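Notes to accompany the following structure.
The values are calculated or read from the model by the stated rules, or taken from the named source; none is laboratory data. This one's a predicted model, so the numbers in the text were calculated from it and none came from an experiment. Please note: Cβ atoms are built from the backbone with ideal geometry, for glycine as well, and neighbour counts cover all protein chains shown. Please note that ligands, DNA and RNA were not included when accessible areas were found on the heavy atoms of the full protein model with its side chains. Shrake-Rupley method; radii C 1.70, N 1.55, O 1.52, S 1.80 Å.
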Amino acid sequence: MNRLQNLIRGALNKEVVHFQAKFSAHSINIAGIDYWNEVSLRNFLAVESSSSFLYLRDEVSPILFEVLQYLGCFPFRMNGGQPRPAAITCDELLSAVFWLLPGKAQKGTGAGTIGNDIYMRARSAADQRRLLFESLANVNEEFPFDMEEEKRVATEKSQEVDERLLDMALRNYDDEDEMYHDVLDVLSYTQESLKKENELPCRRDDFRFIASQLHKPTSLRRLAISRHRFKSLIKFLLAEHMKSENLPQAVELENVADTLVNAFSQGSESTGVITWQKFDEALKKKAPFIFSSLYRIFNSLLTSIDNHNDDYEAFTQPSLSPNHLLSSTTLSQLSFLLDSTASFETAPLLYQFNKDQSTPIVDAVFEINSALKSMSDSSDFKILLVSGREKFTTETFVFGAFIKDLTEGLEIVELEDKAYERSFLFQISPIHDVFRSNVGNKAWYLDKSLCFGSNDSGFSMRLDGDLNQLHVSHKLAGEGVYQSTKWRGEWGMVLDIDNVEVWGE
(Lines give C-alpha, C1' and ligand atoms only; values in the text may rest on other atoms or scores of the structure.)
Protein backbone atom coordinates (compact mmCIF):
# COMPACT_ATOMS: atom_id res chain seq x y z
CA MET A 1 0.00 0.00 0.00
CA ASN A 2 2.90 2.37 0.70
CA ARG A 3 4.20 1.89 -2.86
CA LEU A 4 0.76 2.74 -4.24
CA GLN A 5 0.46 5.86 -2.08
CA ASN A 6 3.90 6.99 -3.27
CA LEU A 7 2.78 6.51 -6.88
CA ILE A 8 -0.35 8.57 -6.23
CA ARG A 9 1.57 11.34 -4.49
CA GLY A 10 3.95 11.46 -7.44
CA ALA A 11 1.07 11.63 -9.94
CA LEU A 12 -0.60 14.45 -7.97
CA ASN A 13 2.65 16.15 -7.02
CA LYS A 14 1.59 19.67 -8.04
CA GLU A 15 -1.69 19.42 -6.13
CA VAL A 16 -0.46 17.83 -2.89
CA VAL A 17 0.32 21.09 -1.04
CA HIS A 18 -3.13 22.51 -1.76
CA PHE A 19 -4.69 19.17 -0.83
CA GLN A 20 -2.93 18.98 2.52
CA ALA A 21 -4.11 22.47 3.42
CA LYS A 22 -7.71 21.55 2.58
CA PHE A 23 -7.40 18.29 4.50
CA SER A 24 -6.03 20.05 7.60
CA ALA A 25 -8.82 22.63 7.56
CA HIS A 26 -11.40 19.94 8.38
CA SER A 27 -9.32 17.25 10.10
CA ILE A 28 -9.56 15.86 13.62
CA ASN A 29 -6.56 14.68 15.63
CA ILE A 30 -6.47 11.22 17.18
CA ALA A 31 -3.33 10.16 19.07
CA GLY A 32 -1.23 12.71 17.19
CA ILE A 33 -2.46 11.76 13.71
CA ASP A 34 -4.84 13.86 11.61
CA TYR A 35 -7.92 12.14 10.17
CA TRP A 36 -11.18 12.91 8.44
CA ASN A 37 -14.37 11.48 9.87
CA GLU A 38 -17.93 11.92 8.66
CA VAL A 39 -18.24 15.25 10.48
CA SER A 40 -15.12 16.47 8.66
CA LEU A 41 -16.73 15.57 5.34
CA ARG A 42 -19.98 17.29 6.29
CA ASN A 43 -18.05 20.46 7.20
CA PHE A 44 -16.16 20.26 3.90
CA LEU A 45 -19.45 19.94 1.97
CA ALA A 46 -20.87 22.93 3.82
CA VAL A 47 -18.02 25.03 2.39
CA GLU A 48 -17.63 23.55 -1.08
CA SER A 49 -21.16 22.61 -2.11
CA SER A 50 -23.51 25.22 -3.53
CA SER A 51 -26.73 23.62 -2.34
CA SER A 52 -28.73 25.54 0.23
CA PHE A 53 -30.45 22.39 1.39
CA LEU A 54 -28.89 21.33 4.70
CA TYR A 55 -31.01 18.18 4.85
CA LEU A 56 -29.57 17.01 1.51
CA ARG A 57 -26.00 17.34 2.80
CA ASP A 58 -26.92 15.48 5.98
CA GLU A 59 -28.58 12.73 3.93
CA VAL A 60 -25.70 12.29 1.48
CA SER A 61 -22.73 12.66 3.87
CA PRO A 62 -22.79 9.04 5.16
CA ILE A 63 -22.99 7.77 1.56
CA LEU A 64 -20.10 9.90 0.33
CA PHE A 65 -17.99 9.04 3.37
CA GLU A 66 -18.40 5.35 2.53
CA VAL A 67 -17.31 6.16 -1.04
CA LEU A 68 -14.13 7.73 0.34
CA GLN A 69 -13.54 4.81 2.72
CA TYR A 70 -13.88 2.30 -0.11
CA LEU A 71 -11.65 4.14 -2.59
CA GLY A 72 -9.15 5.10 0.11
CA CYS A 73 -8.12 1.46 0.60
CA PHE A 74 -8.56 0.42 -3.05
CA PRO A 75 -7.73 -2.14 -4.41
CA PHE A 76 -7.28 -4.01 -1.13
CA ARG A 77 -10.95 -4.06 -0.26
CA MET A 78 -12.32 -4.97 3.13
CA ASN A 79 -14.09 -8.29 3.64
CA GLY A 80 -17.88 -8.23 3.56
CA GLY A 81 -19.26 -7.56 7.02
CA GLN A 82 -15.95 -6.14 8.26
CA PRO A 83 -16.62 -2.80 9.98
CA ARG A 84 -15.17 0.18 8.18
CA PRO A 85 -12.88 2.51 10.13
CA ALA A 86 -14.62 5.59 11.51
CA ALA A 87 -11.90 7.86 10.10
CA ILE A 88 -9.55 8.03 7.11
CA THR A 89 -6.00 9.35 6.87
CA CYS A 90 -4.66 12.07 4.62
CA ASP A 91 -3.11 9.48 2.28
CA GLU A 92 -6.36 7.51 2.14
CA LEU A 93 -8.36 10.61 1.20
CA LEU A 94 -5.79 11.50 -1.47
CA SER A 95 -6.05 7.97 -2.86
CA ALA A 96 -9.86 8.19 -2.89
CA VAL A 97 -9.79 11.42 -4.89
CA PHE A 98 -7.20 9.94 -7.28
CA TRP A 99 -9.46 6.97 -8.13
CA LEU A 100 -12.71 8.99 -8.08
CA LEU A 101 -11.93 11.83 -10.49
CA PRO A 102 -12.07 11.00 -14.22
CA GLY A 103 -8.69 10.91 -15.90
CA LYS A 104 -6.53 11.02 -12.78
CA ALA A 105 -5.83 7.28 -12.54
CA GLN A 106 -5.68 6.85 -16.32
CA LYS A 107 -2.87 9.43 -16.51
CA GLY A 108 -1.20 8.63 -13.21
CA THR A 109 -0.76 4.87 -13.47
CA GLY A 110 0.81 4.64 -16.91
CA ALA A 111 0.90 1.72 -19.35
CA GLY A 112 3.61 -0.24 -21.11
CA THR A 113 4.62 -3.24 -23.23
CA ILE A 114 7.73 -5.36 -23.69
CA GLY A 115 7.53 -6.86 -27.15
CA ASN A 116 4.09 -8.41 -27.36
CA ASP A 117 3.66 -8.60 -23.58
CA ILE A 118 1.78 -5.95 -21.63
CA TYR A 119 3.48 -5.30 -18.31
CA MET A 120 1.19 -2.39 -17.36
CA ARG A 121 -2.41 -2.36 -18.58
CA ALA A 122 -3.86 1.00 -19.63
CA ARG A 123 -6.74 1.89 -17.33
CA SER A 124 -9.90 2.87 -19.18
CA ALA A 125 -12.64 5.43 -18.60
CA ALA A 126 -14.88 2.45 -17.79
CA ASP A 127 -12.57 1.52 -14.91
CA GLN A 128 -13.23 4.91 -13.30
CA ARG A 129 -17.00 4.53 -13.68
CA ARG A 130 -16.84 1.02 -12.27
CA LEU A 131 -14.95 2.10 -9.16
CA LEU A 132 -17.58 4.76 -8.56
CA PHE A 133 -20.25 2.06 -8.85
CA GLU A 134 -18.38 -0.29 -6.49
CA SER A 135 -17.94 2.46 -3.90
CA LEU A 136 -21.69 3.19 -3.95
CA ALA A 137 -22.80 -0.47 -3.89
CA ASN A 138 -24.55 -1.53 -0.68
CA VAL A 139 -26.15 -4.80 -1.85
CA ASN A 140 -24.29 -8.12 -2.21
CA GLU A 141 -26.28 -11.07 -3.52
CA GLU A 142 -26.62 -13.39 -6.50
CA PHE A 143 -27.85 -11.74 -9.73
CA PRO A 144 -28.32 -13.64 -13.00
CA PHE A 145 -25.93 -12.78 -15.83
CA ASP A 146 -24.55 -14.21 -19.06
CA MET A 147 -20.80 -14.69 -18.53
CA GLU A 148 -19.89 -14.71 -22.22
CA GLU A 149 -21.90 -11.55 -22.86
CA GLU A 150 -20.29 -9.88 -19.84
CA LYS A 151 -16.84 -10.76 -21.17
CA ARG A 152 -17.74 -9.35 -24.58
CA VAL A 153 -18.89 -6.09 -22.98
CA ALA A 154 -15.78 -6.01 -20.78
CA THR A 155 -13.65 -6.21 -23.93
CA GLU A 156 -15.44 -3.18 -25.37
CA LYS A 157 -15.03 -1.22 -22.15
CA SER A 158 -11.30 -1.97 -22.01
CA GLN A 159 -10.89 -0.06 -25.29
CA GLU A 160 -12.08 3.23 -23.75
CA VAL A 161 -8.55 4.63 -23.62
CA ASP A 162 -6.59 7.30 -25.41
CA GLU A 163 -5.93 6.24 -29.00
CA ARG A 164 -2.16 6.09 -28.43
CA LEU A 165 -2.69 3.55 -25.63
CA LEU A 166 -4.85 1.08 -27.54
CA ASP A 167 -1.94 -1.35 -27.88
CA MET A 168 -1.78 -1.45 -24.10
CA ALA A 169 -5.53 -1.94 -23.55
CA LEU A 170 -6.38 -5.34 -22.14
CA ARG A 171 -9.65 -6.99 -21.20
CA ASN A 172 -9.82 -7.31 -17.43
CA TYR A 173 -12.31 -10.17 -17.22
CA ASP A 174 -11.13 -13.71 -17.97
CA ASP A 175 -11.16 -16.54 -15.44
CA GLU A 176 -11.18 -13.76 -12.85
CA ASP A 177 -13.30 -10.61 -12.89
CA GLU A 178 -12.44 -6.90 -12.91
CA MET A 179 -12.03 -6.64 -9.13
CA TYR A 180 -9.27 -9.26 -9.16
CA HIS A 181 -7.63 -7.53 -12.13
CA ASP A 182 -7.55 -4.25 -10.17
CA VAL A 183 -5.17 -5.92 -7.69
CA LEU A 184 -3.14 -7.31 -10.58
CA ASP A 185 -2.99 -3.85 -12.16
CA VAL A 186 -1.77 -2.15 -8.99
CA LEU A 187 0.94 -4.77 -8.48
CA SER A 188 2.20 -4.10 -12.00
CA TYR A 189 1.91 -0.29 -11.67
CA THR A 190 3.98 -0.23 -8.47
CA GLN A 191 6.71 -2.69 -9.42
CA GLU A 192 9.08 0.10 -10.52
CA SER A 193 10.16 0.81 -6.94
CA LEU A 194 11.20 -2.85 -6.51
CA LYS A 195 13.26 -3.18 -9.70
CA LYS A 196 17.01 -3.14 -9.66
CA GLU A 197 18.82 -0.75 -11.98
CA ASN A 198 18.64 -1.77 -15.66
CA GLU A 199 16.31 -4.65 -14.76
CA LEU A 200 13.37 -5.22 -17.11
CA PRO A 201 9.88 -5.01 -15.58
CA CYS A 202 7.92 -8.19 -14.92
CA ARG A 203 5.08 -9.22 -17.16
CA ARG A 204 1.68 -8.38 -15.72
CA ASP A 205 0.67 -12.05 -15.63
CA ASP A 206 3.69 -12.85 -13.47
CA PHE A 207 1.85 -11.23 -10.55
CA ARG A 208 -1.25 -13.45 -10.78
CA PHE A 209 -0.34 -15.72 -7.86
CA ILE A 210 0.36 -12.76 -5.56
CA ALA A 211 -2.85 -11.07 -6.73
CA SER A 212 -4.87 -14.16 -5.89
CA GLN A 213 -3.46 -14.06 -2.34
CA LEU A 214 -4.35 -10.38 -1.88
CA HIS A 215 -7.72 -10.28 -3.63
CA LYS A 216 -10.84 -10.49 -1.48
CA PRO A 217 -13.15 -12.90 -3.36
CA THR A 218 -16.08 -10.56 -4.00
CA SER A 219 -17.59 -10.66 -7.48
CA LEU A 220 -18.47 -7.43 -9.26
CA ARG A 221 -21.65 -9.08 -10.53
CA ARG A 222 -22.91 -9.71 -7.00
CA LEU A 223 -22.88 -5.99 -6.21
CA ALA A 224 -25.75 -3.51 -6.59
CA ILE A 225 -26.91 -0.10 -5.36
CA SER A 226 -30.29 0.19 -3.65
CA ARG A 227 -32.82 2.65 -5.06
CA HIS A 228 -33.11 4.56 -1.79
CA ARG A 229 -29.35 5.08 -1.51
CA PHE A 230 -28.98 6.20 -5.12
CA LYS A 231 -31.97 8.53 -4.88
CA SER A 232 -30.43 10.33 -1.89
CA LEU A 233 -27.31 10.98 -3.96
CA ILE A 234 -29.27 12.08 -7.04
CA LYS A 235 -31.30 14.65 -5.08
CA PHE A 236 -28.05 16.18 -3.84
CA LEU A 237 -26.54 16.21 -7.36
CA LEU A 238 -29.67 17.83 -8.83
CA ALA A 239 -29.49 20.65 -6.30
CA GLU A 240 -25.72 20.99 -6.77
CA HIS A 241 -26.02 21.25 -10.53
CA MET A 242 -28.11 24.41 -10.36
CA LYS A 243 -26.64 27.85 -10.60
CA SER A 244 -29.97 29.48 -9.99
CA GLU A 245 -31.67 31.83 -7.60
CA ASN A 246 -34.77 29.64 -7.82
CA LEU A 247 -34.70 27.00 -5.11
CA PRO A 248 -36.74 23.95 -6.10
CA GLN A 249 -39.37 22.53 -3.80
CA ALA A 250 -38.51 19.31 -2.03
CA VAL A 251 -41.41 17.52 -3.74
CA GLU A 252 -40.07 18.47 -7.18
CA LEU A 253 -36.59 17.19 -6.28
CA GLU A 254 -38.11 13.92 -5.10
CA ASN A 255 -40.08 13.46 -8.32
CA VAL A 256 -37.21 14.25 -10.69
CA ALA A 257 -34.82 12.07 -8.68
CA ASP A 258 -37.28 9.18 -9.04
CA THR A 259 -37.31 9.52 -12.83
CA LEU A 260 -33.50 9.35 -12.92
CA VAL A 261 -33.33 6.40 -10.54
CA ASN A 262 -35.87 4.61 -12.78
CA ALA A 263 -33.42 4.99 -15.68
CA PHE A 264 -30.56 3.48 -13.69
CA SER A 265 -32.58 0.64 -12.14
CA GLN A 266 -34.41 -0.01 -15.43
CA GLY A 267 -37.84 0.14 -13.82
CA SER A 268 -39.85 1.75 -11.05
CA GLU A 269 -40.23 -1.23 -8.69
CA SER A 270 -39.48 -0.18 -5.11
CA THR A 271 -37.40 -3.35 -4.62
CA GLY A 272 -35.36 -2.76 -7.77
CA VAL A 273 -31.58 -2.39 -7.56
CA ILE A 274 -28.87 -1.01 -9.82
CA THR A 275 -26.33 -3.57 -11.00
CA TRP A 276 -23.02 -2.70 -12.71
CA GLN A 277 -24.23 -3.07 -16.29
CA LYS A 278 -27.45 -1.12 -15.60
CA PHE A 279 -25.44 1.62 -13.93
CA ASP A 280 -22.94 1.92 -16.74
CA GLU A 281 -25.50 1.83 -19.54
CA ALA A 282 -27.48 4.67 -17.96
CA LEU A 283 -24.37 6.68 -17.10
CA LYS A 284 -22.91 6.44 -20.61
CA LYS A 285 -26.09 6.78 -22.66
CA LYS A 286 -28.73 8.53 -20.59
CA ALA A 287 -27.03 10.90 -18.12
CA PRO A 288 -23.26 11.08 -18.76
CA PHE A 289 -22.76 14.27 -16.73
CA ILE A 290 -24.84 13.33 -13.69
CA PHE A 291 -21.75 13.17 -11.44
CA SER A 292 -20.11 16.38 -12.66
CA SER A 293 -21.01 18.26 -9.48
CA LEU A 294 -19.62 15.45 -7.33
CA TYR A 295 -16.35 15.68 -9.26
CA ARG A 296 -16.35 19.48 -8.94
CA ILE A 297 -16.66 19.26 -5.17
CA PHE A 298 -13.82 16.77 -4.70
CA ASN A 299 -11.66 18.38 -7.37
CA SER A 300 -11.60 21.44 -5.09
CA LEU A 301 -9.37 19.42 -2.76
CA LEU A 302 -6.69 19.49 -5.45
CA THR A 303 -7.01 22.92 -7.04
CA SER A 304 -7.85 26.44 -6.00
CA ILE A 305 -10.94 28.19 -7.30
CA ASP A 306 -8.72 30.10 -9.76
CA ASN A 307 -7.68 26.82 -11.40
CA HIS A 308 -11.00 25.01 -11.37
CA ASN A 309 -11.90 22.43 -14.00
CA ASP A 310 -14.45 23.83 -16.47
CA ASP A 311 -15.57 20.28 -17.28
CA TYR A 312 -17.25 20.09 -13.88
CA GLU A 313 -18.94 23.49 -13.88
CA ALA A 314 -22.71 23.69 -13.51
CA PHE A 315 -25.01 25.53 -15.90
CA THR A 316 -25.81 29.14 -15.13
CA GLN A 317 -29.58 29.02 -15.24
CA PRO A 318 -32.06 31.73 -16.16
CA SER A 319 -34.92 32.65 -13.85
CA LEU A 320 -37.57 30.00 -14.50
CA SER A 321 -41.10 29.80 -13.22
CA PRO A 322 -41.96 26.58 -11.34
CA ASN A 323 -45.19 26.58 -13.38
CA HIS A 324 -43.29 25.88 -16.58
CA LEU A 325 -42.47 22.41 -17.85
CA LEU A 326 -38.89 23.66 -18.04
CA SER A 327 -38.35 24.40 -14.35
CA SER A 328 -34.95 24.78 -12.68
CA THR A 329 -35.01 21.14 -11.60
CA THR A 330 -36.02 19.91 -15.07
CA LEU A 331 -33.22 21.98 -16.60
CA SER A 332 -30.77 20.48 -14.13
CA GLN A 333 -32.01 17.03 -15.20
CA LEU A 334 -31.50 17.87 -18.89
CA SER A 335 -28.05 19.26 -18.19
CA PHE A 336 -26.98 15.80 -17.00
CA LEU A 337 -27.20 14.97 -20.70
CA LEU A 338 -26.47 18.24 -22.50
CA ASP A 339 -23.53 19.53 -20.43
CA SER A 340 -21.93 22.32 -22.51
CA THR A 341 -23.84 21.53 -25.73
CA ALA A 342 -26.34 24.28 -25.01
CA SER A 343 -26.38 27.43 -22.87
CA PHE A 344 -29.69 28.43 -21.33
CA GLU A 345 -28.61 31.82 -19.99
CA THR A 346 -30.33 33.61 -22.89
CA ALA A 347 -32.75 30.92 -24.09
CA PRO A 348 -36.24 32.45 -24.01
CA LEU A 349 -39.64 30.78 -24.11
CA LEU A 350 -40.67 30.89 -27.79
CA TYR A 351 -44.03 29.11 -27.70
CA GLN A 352 -46.41 28.01 -24.98
CA PHE A 353 -49.74 26.20 -24.86
CA ASN A 354 -51.64 25.29 -21.70
CA LYS A 355 -54.98 23.57 -22.22
CA ASP A 356 -56.42 25.16 -19.05
CA GLN A 357 -55.49 28.70 -20.08
CA SER A 358 -55.85 28.81 -23.84
CA THR A 359 -57.55 27.26 -26.80
CA PRO A 360 -55.17 26.12 -29.54
CA ILE A 361 -55.59 27.66 -32.93
CA VAL A 362 -56.26 25.44 -35.91
CA ASP A 363 -53.03 23.90 -37.20
CA ALA A 364 -51.08 25.06 -34.12
CA VAL A 365 -48.22 22.75 -35.11
CA PHE A 366 -47.31 25.23 -37.86
CA GLU A 367 -46.39 27.73 -35.15
CA ILE A 368 -44.31 25.12 -33.33
CA ASN A 369 -42.65 24.14 -36.60
CA SER A 370 -41.68 27.77 -37.24
CA ALA A 371 -40.31 28.14 -33.70
CA LEU A 372 -38.18 24.99 -34.07
CA LYS A 373 -36.79 26.06 -37.46
CA SER A 374 -35.84 29.62 -36.48
CA MET A 375 -32.07 29.28 -36.12
CA SER A 376 -29.57 31.86 -37.29
CA ASP A 377 -26.32 30.62 -35.73
CA SER A 378 -24.49 27.30 -35.34
CA SER A 379 -24.79 27.58 -31.56
CA ASP A 380 -28.59 27.98 -31.71
CA PHE A 381 -30.75 25.18 -30.37
CA LYS A 382 -34.39 24.49 -29.55
CA ILE A 383 -36.07 22.34 -26.92
CA LEU A 384 -39.65 21.13 -27.32
CA LEU A 385 -41.49 19.85 -24.23
CA VAL A 386 -44.91 18.15 -24.29
CA SER A 387 -46.80 16.86 -21.25
CA GLY A 388 -49.99 14.85 -21.14
CA ARG A 389 -51.91 11.94 -19.65
CA GLU A 390 -53.54 8.83 -21.00
CA LYS A 391 -57.32 8.87 -20.85
CA PHE A 392 -58.82 8.08 -17.45
CA THR A 393 -55.43 8.20 -15.72
CA THR A 394 -53.71 10.78 -13.52
CA GLU A 395 -50.01 10.06 -14.18
CA THR A 396 -48.29 12.77 -16.21
CA PHE A 397 -45.84 11.88 -18.98
CA VAL A 398 -43.36 14.40 -20.38
CA PHE A 399 -41.61 13.90 -23.73
CA GLY A 400 -39.50 16.27 -25.76
CA ALA A 401 -37.01 17.02 -28.52
CA PHE A 402 -33.61 18.69 -28.55
CA ILE A 403 -32.90 20.26 -31.95
CA LYS A 404 -29.47 21.48 -33.05
CA ASP A 405 -27.12 21.46 -36.08
CA LEU A 406 -29.42 20.47 -38.93
CA THR A 407 -29.11 21.01 -42.68
CA GLU A 408 -31.49 23.37 -44.45
CA GLY A 409 -33.55 20.29 -45.24
CA LEU A 410 -33.74 19.52 -41.47
CA GLU A 411 -31.44 16.50 -41.82
CA ILE A 412 -29.40 15.32 -38.83
CA VAL A 413 -25.65 15.68 -39.34
CA GLU A 414 -22.60 14.15 -37.69
CA LEU A 415 -20.84 16.61 -35.38
CA GLU A 416 -17.09 17.21 -35.54
CA ASP A 417 -16.86 17.51 -31.76
CA LYS A 418 -18.05 14.22 -30.26
CA ALA A 419 -18.41 15.88 -26.85
CA TYR A 420 -21.53 17.68 -28.09
CA GLU A 421 -24.96 16.15 -28.57
CA ARG A 422 -26.72 16.20 -31.92
CA SER A 423 -30.53 16.32 -32.16
CA PHE A 424 -32.38 13.68 -30.12
CA LEU A 425 -35.74 12.90 -28.51
CA PHE A 426 -36.21 12.30 -24.81
CA GLN A 427 -38.57 11.46 -21.98
CA ILE A 428 -38.18 13.08 -18.57
CA SER A 429 -41.18 11.74 -16.65
CA PRO A 430 -42.01 9.29 -15.14
CA ILE A 431 -38.71 7.86 -16.40
CA HIS A 432 -35.64 9.59 -17.75
CA ASP A 433 -34.75 8.26 -21.20
CA VAL A 434 -32.92 9.40 -24.32
CA PHE A 435 -33.60 8.35 -27.91
CA ARG A 436 -30.56 9.32 -29.95
CA SER A 437 -30.76 10.13 -33.62
CA ASN A 438 -29.28 8.39 -36.66
CA VAL A 439 -27.36 10.68 -39.01
CA GLY A 440 -28.82 11.51 -42.43
CA ASN A 441 -32.51 11.39 -41.46
CA LYS A 442 -34.89 14.33 -41.20
CA ALA A 443 -35.24 15.40 -37.57
CA TRP A 444 -38.97 15.99 -38.12
CA TYR A 445 -41.47 16.66 -40.87
CA LEU A 446 -44.77 18.48 -41.05
CA ASP A 447 -48.00 17.40 -42.69
CA LYS A 448 -51.25 17.75 -40.78
CA SER A 449 -49.27 16.71 -37.71
CA LEU A 450 -45.74 17.39 -36.45
CA CYS A 451 -43.89 14.06 -36.77
CA PHE A 452 -40.57 13.01 -35.22
CA GLY A 453 -39.29 9.66 -36.46
CA SER A 454 -40.99 6.79 -38.19
CA ASN A 455 -43.95 5.02 -36.59
CA ASP A 456 -42.76 1.57 -37.78
CA SER A 457 -39.23 1.57 -36.31
CA GLY A 458 -37.29 2.99 -33.39
CA PHE A 459 -38.82 5.69 -31.21
CA SER A 460 -41.23 8.25 -32.65
CA MET A 461 -43.77 10.84 -31.55
CA ARG A 462 -46.46 12.78 -33.38
CA LEU A 463 -48.34 15.92 -32.31
CA ASP A 464 -51.84 16.36 -33.71
CA GLY A 465 -52.36 19.57 -35.65
CA ASP A 466 -54.65 21.07 -33.01
CA LEU A 467 -52.45 19.91 -30.10
CA ASN A 468 -55.18 17.63 -28.84
CA GLN A 469 -53.07 14.47 -28.60
CA LEU A 470 -49.49 13.20 -28.66
CA HIS A 471 -48.94 9.76 -30.19
CA VAL A 472 -45.83 7.92 -28.95
CA SER A 473 -44.40 4.69 -30.38
CA HIS A 474 -41.43 2.60 -29.18
CA LYS A 475 -40.43 -0.22 -31.55
CA LEU A 476 -37.37 -2.45 -31.27
CA ALA A 477 -37.39 -3.53 -34.91
CA GLY A 478 -35.20 -1.43 -37.22
CA GLU A 479 -32.98 1.52 -36.36
CA GLY A 480 -35.50 4.23 -37.16
CA VAL A 481 -34.70 7.92 -37.10
CA TYR A 482 -34.45 7.79 -33.31
CA GLN A 483 -33.03 4.78 -31.47
CA SER A 484 -35.18 2.86 -29.01
CA THR A 485 -34.10 1.59 -25.58
CA LYS A 486 -33.83 -2.19 -25.70
CA TRP A 487 -34.69 -3.04 -22.09
CA ARG A 488 -38.03 -1.17 -22.31
CA GLY A 489 -39.43 -3.51 -24.96
CA GLU A 490 -42.19 -2.49 -27.39
CA TRP A 491 -44.92 -0.08 -26.31
CA GLY A 492 -46.95 2.90 -27.39
CA MET A 493 -49.35 5.42 -25.93
CA VAL A 494 -51.72 8.24 -26.83
CA LEU A 495 -51.64 11.22 -24.49
CA ASP A 496 -54.18 13.98 -24.09
CA ILE A 497 -51.90 17.02 -24.18
CA ASP A 498 -51.83 19.37 -21.17
CA ASN A 499 -48.89 21.64 -21.98
CA VAL A 500 -46.50 22.43 -24.83
CA GLU A 501 -43.42 24.63 -24.64
CA VAL A 502 -40.62 25.56 -27.06
CA TRP A 503 -37.44 27.11 -25.63
CA GLY A 504 -34.22 28.11 -27.32
CA GLU A 505 -32.11 30.75 -28.97
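Look at region 153-164: where a residue is touching a residue at least 24 places away in the same chain (Cβ under 8 Å) and a partner is open to solvent by less than 30 Å² (accessible area, probe 1.4 Å) and among the aliphatic types (A, V, I, L, M), sitting 6+ places away or on another chain with Cβ atoms under 6 Å, you get Lys157/Ala126; Ser158/Ala169; Gln159/Ala169; Glu160/Ala126; Val161/Ala122; Val161/Ala169.
Here is a yes/no grid of residues against (1) in contact (Cβ under 8 Å) with a residue 24 or more places away in the chain; (2) open to solvent by 40 Å² or more (accessible area, probe 1.4 Å); (3) in a helix (DSSP H, G or I):
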residue: Asn29; (1), (2), (3): no, yes, no
residue: Leu41; (1), (2), (3): yes, no, yes
residue: Leu45; (1), (2), (3): yes, no, yes
residue: Ser50; (1), (2), (3): yes, yes, no
residue: Leu56; (1), (2), (3): yes, no, yes
residue: Glu59; (1), (2), (3): yes, yes, yes
residue: Phe65; (1), (2), (3): yes, no, yes
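Each residue in region 108-157 was checked for being assigned to a strand (DSSP E or B) and under 28 Å from Tyr295 (Cβ atoms), and 4 pass.
The set of residues in region 195-235 being among the β-branched types (Val, Ile, Thr) and assigned to a strand (DSSP E or B) consists of Ile225 alone. Here is a list: Lys216, Lys231. Which entry is among the charged types (D, E, K, R) and either within 19 Å of Arg123 (Cβ to Cβ) or modelled with pLDDT under 85 (or both)? Within the list Lys216, Lys231, the selection yields Lys216. Could you tell me whether Leu132 is under 30 Å from Arg229 (Cα atoms), modelled with pLDDT of 95 or more and out of contact with any Cys (no Cβ under 8 Å at 6 or more places or on another chain)? The answer is yes for Leu132. Per the listing Pro102, Pro75, the residue uniquely under 20 Å from the mean Cα position of the chain (by Cα) and assigned to a loop (DSSP other than H, G, I, E, B) is Pro102.
Please find, among Ser449, Ser437, the residue that is within 25 Å of Gln266 (Cβ to Cβ) and of a type outside the set (Asp, Glu). Going through Ser449, Ser437 in turn, just one is within 25 Å of Gln266 (Cβ to Cβ) and of a type outside the set (Asp, Glu): Ser437.
When region 409-430 is filtered for residues that are outside any loop (DSSP other than H, G, I, E, B), in contact with a Lys or Arg (Cβ under 9 Å, 6 or more places away or on another chain) and open to solvent by 10 Å² or more (accessible area, probe 1.4 Å), only Glu411 remains. Given the condition open to solvent by 30 Å² or more (accessible area, probe 1.4 Å), within 23 Å of Asp58 (Cβ to Cβ) and touching a residue at least 60 places away in the same chain (Cβ under 8 Å), answer yes or no: does some residue in region 256-266 qualify? Yes, the conditions are met somewhere in region 256-266. Checking each residue of region 77-91 against the condition of being open to solvent by 20 Å² or more (accessible area, probe 1.4 Å), at pLDDT 95 or above and closer than 27 Å to Cys202 by Cβ gives at least one match. Picking from residues in region 380-408 that are touching a residue at least 60 places away in the same chain (Cβ under 8 Å) and over 17 Å from Phe424 (Cβ atoms), the one that is most open to solvent (accessible area, probe 1.4 Å) is Lys391.
Out of all the residues in region 169-178, is one or more under 24 Å from Ile225 (Cβ atoms), small (Gly, Ala, Ser) and modelled with pLDDT of 90 or more? No; the residues of region 169-178 include none that is under 24 Å from Ile225 (Cβ atoms), small (Gly, Ala, Ser) and modelled with pLDDT of 90 or more.
Inspection of region 483-491 identifies at least one residue that is in contact with an Asp or Glu (Cβ under 9 Å, 6 or more places away or on another chain), more than 30 Å from Pro318 (Cα to Cα) and surrounded by 16 or more Cβ atoms within 10 Å (Cβ to Cβ). Every test in (1) out of contact with any strand residue (DSSP E or B) (no Cβ under 9 Å at 6 or more places or on another chain); (2) open to solvent by 30 Å² or more (accessible area, probe 1.4 Å); (3) acidic (Asp, Glu) is passed by Asp177 save one, and that test is (2). Entry remark, region 454-469: residues being assigned to a strand (DSSP E or B) and surrounded by fewer than 23 Cβ atoms within 10 Å (Cβ to Cβ) number 2 in total. Looking only at region 1-27, which residues are closer than 27 Å to Leu187 by Cβ, among the basic types (Lys, Arg) and in contact (Cβ under 8 Å) with a residue 24 or more places away in the chain? Arg3, Arg9 - these are the residues of region 1-27 that are closer than 27 Å to Leu187 by Cβ, among the basic types (Lys, Arg) and in contact (Cβ under 8 Å) with a residue 24 or more places away in the chain. Test Arg208 against the stated conditions and say whether it is open to solvent by less than 80 Å² (accessible area, probe 1.4 Å), over 27 Å from the mean Cα position of the chain (by Cα) and within 24 Å of Met147 (Cα to Cα). Taking the combined requirement at face value, the residue satisfies it. Would region 347-370 turn up any residue that is within 18 Å of Ser429 (Cα to Cα) and open to solvent by less than 10 Å² (accessible area, probe 1.4 Å)? Checked region 347-370: no residue is within 18 Å of Ser429 (Cα to Cα) and open to solvent by less than 10 Å² (accessible area, probe 1.4 Å).
Let's see how each residue does on (1) exposed (fewer than 15 other Cβ atoms within 10 Å of the Cβ); (2) at pLDDT below 75:
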| position | (1), (2) |
| --- | --- |
| Asp306 | yes, yes |
| Glu313 | no, yes |
| Leu325 | no, no |
| Leu337 | no, no |
| Thr341 | no, yes |
